[in-house]
Amino acid sequence: MYVCLCSGMNCRQVKQALSEGARSHAQVFLRNGLRPSCGRCRDTIVGMIDEHAAQAGANDGAPAALDPLSVAAE
């Protein structure tokens, strides 16, 4: 599926950039040798970044960060 129609970037390219260390919308484009254009894809790419980070955090064996507000309520 295409993520960015302006540059023709697809999901596979975004996921590859994330696995190579991209951590921002701009870095995803740079890792693919592209430049963002209209910005309509930004929210989709940021969502993919968040999803990737959540999966990486779940797989690294480290405990999840605690929400200070929920800890204070206990």
_Residues that are loosely packed, with under 11 Cβ neighbours inside 10 Å and in contact with a strand residue (DSSP E or B) (Cβ under 7 Å, 6 or more places away or on another chain), drawn from segment 1-30_ = 1
*Looking at segment 39-63, which of the residues that are loosely packed, with under 11 Cβ neighbours inside 10 Å and acidic (Asp, Glu) is modelled with the lowest pLDDT?*
60
*Could you pull out the residue among 66, 34 that is at pLDDT 95 or above, more than 13 Å from the chain's Cα centre (by Cα) and aliphatic (A, V, I, L, M)?*
34
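The values are calculated or read from the model by the stated rules, or taken from the named source; none is laboratory data. Note that the structure is predicted; figures quoted are calculated from it, not measured. Cβ: placed from backbone, ideal geometry, glycine included. Neighbour counts: every protein chain shown.
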